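Okay, structure first, notes after.
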Amino acid sequence: MLLAVPTQYQPQDFLPIVVQFVLAIAFVAFAMITSHLLGPRRKSVVKDEAFECGIESVGNARTPISVKYFLTAILFVLFDVEVIFMYPWAVNFRQLGTTGFYQMLVFLALLMAGFAYVIKKGVLRWNEAR
Amino acid sequence: MNSIILLSVLGLGNLFLGFRRSNRLLLPVMMLILGLVLTVNFIDWNEGAQPFFNGMLTIDNFSVAFTGIVLLTALVLVPFSQKYVLDGEANLAEYYSLLLFSLVGAIMLVSYNHLLMLFLGIEILSVAMYVLAGSDKRNLRSNEAALKYFLMGAFFTGILLFGMALVYGATGTFVLSEISFAVQNPAPGFESLKPMLYIGMLLMFIGMGFKVSAAPFHFWTPDVYEGTPTFFAAFMSTVVKTAGFAAFLKLLVQAFPAANAQGIWLPTLTAMCVLTLLIGNVGAVAQTSIKRMLAYSSISHAGYLLIALVAYNGQLEGASANGILFYSLAYSVATVAAFGVVKLVADARQREDYDGLNGLAKTNPLLAFSLTVSMLSLAGIPLTGGFFGKFFVFSAAVENGYIGLVVFAVVMSMVSIYYYLRPIISMYMRDTDAETAEAVPVTTFQAGALLLLAALTVLLGVLPGLVAGAL
Amino acid sequence: MLTVLLLLWPVAAALLLHFFKGRAARVPALGAALVEFALAAYAAFTFNTNNTGQFSFDLNWIPSAGIHFAVGMDGLSLLLVLLTAVLVPVILLSAFRRNFENESVFYALVLFMQTGLIGVFTAQDAFLFYFMWEVALIPIYFLAGVWGGVNRARVTFKFFLYTIIGSLFMLAGFVYLYFQTGPAADGLSAHNSALASFYALNLPAETQVWLFWLIFAAFAVKMPIFPFHTWQPDTYTEAPAPATMLLSGIMLKMGIYGCMRWLLPVVPMGVDYWQNLILILAIIGIIYGAIIAIRQQDVKRLIAYSSLSHVGLMIAGVFSLTQMGLQGAAIQMLAHGVNVVGMFFIADAIERRTGTRNIADLGGLTRKAPVLTVCFLVLLLGTVALPLTNGFVGEFLLLAGVYQFNAWMGAVAGVTIILGAVYLLRMFQRVMLGPDSSFTETFTDLTGSELALLVPLIVLVFWIGLFPNTFLHLSEGSVLNILNEVVKR
Amino acid sequence: MELPALGWQSIVIFVVFALSLLIATYCTYAERVIAAFLQDRVGPDRAGPYGLAQPLADAVKMFTKEEFFPGGANKALFVFGPCLAMITALMSSAVIPFGNIMNFGNNLFFLQGIEVNIGMLWVFGVVSLGVYGVMIGGWASNNKFSLLGAIRAASQNISYELAMGMALIAVLMISGTLSLREITLQQSVAGEWHAWNIVKQPLGFIIFLVCAFAETNRTPFDLPECETELVGGYHTEYSSMKLGLYLFSEYVNIFVVSAVMSVLYFGGFNFPFQYELRDWFVSNQGWELASAQNLITLLGTVGLFLKIFAFIFFFMWIRWTLPRFRYDQLMRLGWTILIPLAVFNIVLTGGLILAGVI
Amino acid sequence: MDQNIPQVIQTVPLQYYVFFAAALFSIGVLGVLTRRNAIIIFMCVELMLNAVNILLTAFSAYRADPNGQVFVFFIMAVAAAEVAVGLAIIVMIYRNLQNTDVTLLNRLKF
């Protein structure tokens, strides 16, 4: 009894998430609307200008940024997807036994080889312009 | 399977070798790797069908033979990357490794037994090629080729996948033999799912048709080949096509062999075949750039290979499979030589039109000779491998009664003689001008490779029995 | 085995020639050709006229398809092999007169082509025959295209396209026939392509009617017969003299040989159906060639059209399906080969000396070069078919054969002799007699080596003319065999 | 699931929701008090007794501040950013098992909002979405500092998410399930508090902890909003309650991540000697088993919150102890140290499990 | 009440899934064919892939056969790889051209 958990999960189990979602939205909406209603509004051109340490802002803020960030994002996408493959494996680790472990070792070895390559290629060398 | 493992591991090793920044080392190592894998590959010859990954991959004679072709093609192609070595290309190790990895994809394509492996094979092959197509980063044409190839490739992969999903929905399995079983022994309620099966099948054909650049899904080919650096374009038009056709054949023979299915796909495939032949050959006639001509020629050869698909006769060891095997080998060898010469000439003379070849026979007899041999082979003139390739494919078709198709194909190959002779005429019968008076620099290494290719082509043309009927 | 040796030796020699550069290649090339001639002569001496297929060799070439590397010689084959073996040294020798680039490659290509030609004449397997047919084509394309005249690119392209398209039709026909045959003897494949199996086929008449054109297309272009001839004069004119000699002397015979060996016995009902049409076309060719020849101002073109005219007669003889017609064709192939090579050689000799081939520019050579005049006259009379020369025997038999088939046709075909005499003697008169022209002022007579080249040809002119039985005897058995196969069905 | 059950769950969700808001609110207070304590000063003490009403005062201030839209900003996204940040922060708390079973007259109630078999994935998924709030807000502001801060935040979050996910995999290998409740219950073998995963996964826990700091953008990983370089990072242009939502979501995240760590590594609602205590009540005090269980459950819930508070304290302690990383150091730590460590941890765990040690 | 997830999924007729996926797929195809911006085309391709994923999942659930869902995993992984390469290509072009409109890239004509 102490260890009682539902043996069979039902789609309805997910229903409370909706409840929570409604609550969260309600709270956020409340906060936004209230502050909108309560707060004063005094607009002016100078005030609306984007903050740039007190000087006039120069150029468009949405300029291209260092490709390093892009690389990081791409790497994340790739590695994250590989990690996804490990979740089912981890959950079923004990059933898969030694064979599964060795297979995952191969997988990890390949993954880490790619990882080592990427690191060695200098993706994280932020001080170098590329 | 050995070759897949070796290629992956050595490909990775090659990647790390790139950190030594020694391009001189890379080329021999690459050739060594390919030679080693090629040798190891044939260990599996006549070992019977060996299933891997719960039968998702099957290594049998069919796959070993086609693996041999793609590996051999890569091996003889690699010497033409020597310019990268000499120029000190910084990413050479990456290029080589991508080639090795894409070969893994090609091997998966020729040995898959499960649609997942087909999909993965195509993607491993294609994704590497997307990158390589754009490897000339500063060149906008290369960029465009990469983008076009990528967008279209991803698009048609989507179509292929949708087809797979529908076939899965109709049959409940991804395993080729089980699909065929499910079609032949319909479960209750299967009738209502049949349209889904057929639509899925056709969508898969469209996807495969794109990968082998069969009309009307060929439109990307000339542009992409033209923009892609020649070395990789050669890889695309040989390895990708060979693997694609082997995969296509497996799909037809093992998944949809049933007569009722045949009634559905035969007209489609025949129409594709006729259209491909027409567009490939007529298109090639109109080209002024040799590279584009070779691109259209690769389309037209897809047409000839499609004839073999149309005429398949039931098993992977039949005349069609043998025809495709021989044709792919002859075509690959000849195309590699053609692209190789075009690359050498284009690198030296900075032009890719026919006139760029003027007087080549005087300045570089060897280049002229090997391009001649390969052109004759592509045109299907006897004494070269191309003739027997066409011969086997056509006889497979005649044997199965597709005489009209063969007559059309023969007419089209007459057309093809026109554009294959044009480089020969330029080289031998036109005089040099100021731009083409100087000899194209060729290293001994490349000369050796070209001679080897010419010898291979002639060998295939004189002793076809070495390869014919191997399966 | 001797046949294989005959086939392999020129190829091997051609490959070895790669090690000789430029003029140094002349002697080895000639030597190789002479060795080949010796081999052919040996074959002729050991040939047993009672037996048909000899010197056979059979190798399973493509086991999975039942295609064999099967070669062998009967009398007809031997005749043509002999012709090839005789003419190739002569042609090589004639090439020594000229100075051109990459001589060694040129000679290698000629030797290579010899393999193809001998292969065509000895093949006993349909696909081997086709293979050799094309092997003979590739070298001549380059010979004519690389070393030819100004318009060579366009002209040889036309030639190549014509012949290859024709032969593709033939290939299609062979493929069709192949699938009608039974399993190979070794049981490895479902069909086989041996000559004997093709003879053994018994196809319905309707099939044969269209199949005839598939196979005949290649021969028609090669010979060439009237509407398919347009490539010929241009190519003959543009090609360098040795290539022209190869084309006219030997290659043309491939077509006639092909008809006799691979067309008549294989689709006899088709032949029967189209016989009249082909004969009419042939006769049109005879008259047409002769008439055009009369109007020619260019020596080479004139000889080219005369060749067209003579070939027409041979075709007519073959398609008369009489023993005399076929025998005539066989002997005339030899005679025409000898004559036309000699004529082209002399035309070339004149061109080399004067720089022109225009009849109007020439004249008065008799005085300056009596030896040349005599040689020319002998060859010319042989071509005109004067009795006691080689042309007479052939043309007589051919005309007799055609007459036997249809008297009217024989009569019309007979005109060829008269017309031939007209244009050839007219040319002789203009070129050799008459006043000197500015071109011929410094004309010199034949040199010793040139004479040495012409002498064997002249000997052959008289040998064939005086003792035709030497050769007729050789081909008789083969011709009867072929006619048997035709009549059987 | 029948409606009464859903009703009960809704009550739990509501309570948890309110609690998390309350805790987050008082985290702001705690932060100042702890900061003051660590720096040996007084801290807020004006509003209410011991300054306890300070968070309320802050809230009032936030609500009544002027709303500000910078010129050139994309208004919809500018508003949407903080909303998203807040919603994602609030969404994840419900799947955490705050207590064991309550038993009232044969009706069993779980002290947990939502029990699903993919609880851990849910938390992970929702928390990952949080980065969108930062990204959108930073981009919409049309301010270079904001954009840079947002990009940094995104980069940092995704980098550490990898290591975090890998650390988690080791836990999953031991537990064999993604359900947080099951993971908790597996750590409650009778009489053995060392069944807690921290014993089996010390390395994994450290990786997870570091990543948790980075994921919540807390010092020493608060690069996205580091005042000295980027003014305020992604929320430079924000004011009023929109700023409030950003700040608030950070504290909610701290609360959630503390709870997750407690559940994953510190036994969740289990506490040492709980079975002995229950048996003592049953056998020595003559209680019914159900009542004893209810008591244990309540004590467990209290214990869980103690653990959470301990973690929150730890978060704040670190904040006032360690300096901030440089950006390249931060990325290098994530990629070249934590990820290989996490992989090593996976291999080690696998080996140990197969060897029968854990 | 005691239905497992596949059974619940099966309460919706299979055709609905097929039609839905087909609609999604068609939208993707139309987008690829009509849009001119590389990124949007790419997004449409992703839409197509997701249609496939839905379809596979539905079939997989209907047949209680996990193969289909495993396939989905692989599609996602490969799609991620494609995204990586595709975005890299687009970035490369953007750097050379400052634009991602494919009509500007018609130097290589059809």
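The values are calculated or read from the model by the stated rules, or taken from the named source; none is laboratory data. Bear in mind that the values here come from a model prediction, so they are computed numbers and not experimental data. Please note: Cβ atoms are built from the backbone with ideal geometry, for glycine as well, and neighbour counts cover all protein chains shown.
Scan segment C:165-214 for residues that are in a helix (DSSP H, G or I) and within 14 Å of another protein chain (Cβ to nearest Cβ) and the total you get is 21. Apart from one condition, B:P51 fits all of (1) within 22 Å of B:G121 (Cα to Cα); (2) part of a helix (DSSP H, G or I); (3) not small (G, A, S); the exception is (2). Taking each residue of segment A:68-80 that is within 7 Å of another protein chain (Cβ to nearest Cβ) and in contact (Cβ under 8 Å) with a residue 24 or more places away in the chain and looking for partners that are among the hydroxyl-bearing types (S, T, Y) and part of a helix (DSSP H, G or I) with beta-carbon atoms closer than 8 Å, six or more apart or interchain, yields A:T72/D:S155; A:T72/D:S159. Checking the stated criteria, B:T444 turns out to be free of Cβ contacts under 8 Å to residues at least 12 places away in the same chain, under 18 Å from B:K343 (Cβ atoms) and not hydrophobic (A, V, I, L, M, F, W, C).
Pull up segment B:392-403, narrow it to residues that are more than 7 Å from chain C (Cβ to nearest Cβ) and in contact (Cβ under 8 Å) with a residue 60 or more places away in the chain, then point me to the one that is farthest from B:V467 (Cα to Cα). Looking at the filtered set, the residue picked out is B:Y402.
Select, from D:R278, D:R324, the only residue that is more than 11 Å from chain A (Cβ to nearest Cβ) and over 16 Å from the mean Cα position of the chain (by Cα).
Checking each option against the conditions leaves just D:R324.
Filtering segment B:95-149 to residues that are over 18 Å from the mean Cα position of the chain (by Cα) and charged (D, E, K, R) leaves B:D136, B:K137, B:R138, B:R141, B:E144, B:K148.
When segment C:439-489 is filtered for residues that are among the small types (G, A, S), surrounded by fewer than 20 Cβ atoms within 10 Å (Cβ to Cβ) and closer than 23 Å to C:L264 by Cβ, only C:G477 remains.
Matching residues to (1) under 24 Å from C:R152 (Cβ atoms); (2) hydrophobic (A, V, I, L, M, F, W, C):
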site: B:V410; (1), (2): no, yes
site: B:M414; (1), (2): yes, yes
site: B:D433; (1), (2): yes, no
site: B:F445; (1), (2): no, yes
site: B:V458; (1), (2): no, yes
site: B:L466; (1), (2): no, yes
site: B:G469; (1), (2): no, no
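Filtering segment B:133-148 to residues that are part of a helix (DSSP H, G or I) and more than 9 Å from chain E (Cβ to nearest Cβ) leaves only B:S142. Elements of the type helices (runs of 4 or more DSSP H) sitting completely within segment B:304-379 and holding at least 1 residues that are within 23 Å of B:M236 (Cβ to Cβ): these cover B:319-349, B:365-379.
Just one of (1) closer than 24 Å to D:V171 by Cα; (2) buried (at least 21 other Cβ atoms within 10 Å of the Cβ) fails for D:L245. It is (1).
Looking only at segment B:110-132, decide whether some residue is in contact with a Pro (Cβ under 8 Å, 6 or more places away or on another chain), in a helix (DSSP H, G or I) and crowded, with 21+ Cβ neighbours inside 10 Å. Yes, there is a match, as at least one residue in segment B:110-132 is in contact with a Pro (Cβ under 8 Å, 6 or more places away or on another chain), in a helix (DSSP H, G or I) and crowded, with 21+ Cβ neighbours inside 10 Å.
For the criterion of being touching a Gly at 6+ places or on another chain (Cβ under 8 Å) and not acidic (D, E), D:K65 passes. Taking segment D:1-105 as the region of interest, the helices (runs of 4 or more DSSP H) fully inside it that hold 3 or more residues being within 25 Å of the chain's Cα centre (by Cα) and away from chain A (no Cβ under 11 Å) are D:3-38, D:54-64. Residues that are surrounded by 16 or more Cβ atoms within 10 Å (Cβ to Cβ) and within 7 Å of another protein chain (Cβ to nearest Cβ) within segment A:88-103 comprise A:A90, A:V91, A:F93, A:F101, listed in sequence order.
Quick grid of which residues meet (1) of a type in the set (F, W, Y); (2) facing chain A (nearest Cβ under 8 Å):
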| position | (1), (2) |
| --- | --- |
| D:F124 | yes, no |
| D:Y132 | yes, no |
| D:S141 | no, yes |
| D:F145 | yes, yes |
| D:A150 | no, no |
| D:S155 | no, yes |
| D:L162 | no, yes |
| D:I169 | no, yes |
| D:S179 | no, yes |
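In contact (Cβ under 8 Å) with a residue 40 or more places away in the chain and among the small types (G, A, S), is that true of C:A385? Walk me through it before giving the result.
Numbers: in contact (Cβ under 8 Å) with a residue 40 or more places away in the chain: no; among the small types (G, A, S): yes.
Considered against the rule, which asks whether it is in contact (Cβ under 8 Å) with a residue 40 or more places away in the chain and among the small types (G, A, S), C:A385 comes out as no.
Restricting the search to segment B:195-221, which residues are closer than 23 Å to B:K148 by Cβ, outside any loop (DSSP other than H, G, I, E, B) and among the aliphatic types (A, V, I, L, M)? Break it down stepwise before answering.
Applying the first criterion (closer than 23 Å to B:K148 by Cβ) to segment B:195-221 yields B:203-221.
Retained after the next criterion (residues that are outside any loop (DSSP other than H, G, I, E, B)): B:203-211, B:220-221.
If the condition is that a residue be closer than 23 Å to B:K148 by Cβ, outside any loop (DSSP other than H, G, I, E, B) and among the aliphatic types (A, V, I, L, M), then B:L203, B:M204, B:I206, B:M208 are the ones that fit.
If I ask for residues that are modelled with pLDDT of 80 or more and not polar (S, T, N, Q), which ones from segment C:83-102 would you list? Hits for segment C:83-102 are C:L83, C:A85, C:V86, C:L87, C:V88, C:P89, C:V90, C:I91, C:L92, C:L93, C:A95. Scanning segment B:292-336 for residues that are buried (at least 24 other Cβ atoms within 10 Å of the Cβ), closer than 30 Å to B:V440 by Cα and more than 14 Å from the chain's Cα centre (by Cα) gives a single hit, B:M293. Could you tell me whether D:A153 is at pLDDT 85 or above and crowded, with 22+ Cβ neighbours inside 10 Å? So D:A153 does not fit the description; no.
Of these, D:I296, D:I339, which one is buried (at least 16 other Cβ atoms within 10 Å of the Cβ), at pLDDT 90 or above, within 11 Å of another protein chain (Cβ to nearest Cβ) and touching a Leu at 6+ places or on another chain (Cβ under 8 Å)? Before you say what the answer is, go through the steps one by one.
Numbers: D:I296 fails: at pLDDT 90 or above.
Result: D:I339 is the single residue among D:I296, D:I339 that is buried (at least 16 other Cβ atoms within 10 Å of the Cβ), at pLDDT 90 or above, within 11 Å of another protein chain (Cβ to nearest Cβ) and touching a Leu at 6+ places or on another chain (Cβ under 8 Å).
Beta carbons closer than 8 Å, at least 6 apart along the sequence or on distinct chains, pair a first residue in segment E:74-91 that is more than 7 Å from chain A (Cβ to nearest Cβ) and surrounded by fewer than 22 Cβ atoms within 10 Å (Cβ to Cβ) with a second that is of a type outside the set (D, E) and outside any helix (DSSP H, G or I) for E:I90/E:T100. Restricting C:A241, C:A205 to those that are surrounded by fewer than 22 Cβ atoms within 10 Å (Cβ to Cβ) and touching a residue at least 40 places away in the same chain (Cβ under 8 Å) reduces the list to C:A205.
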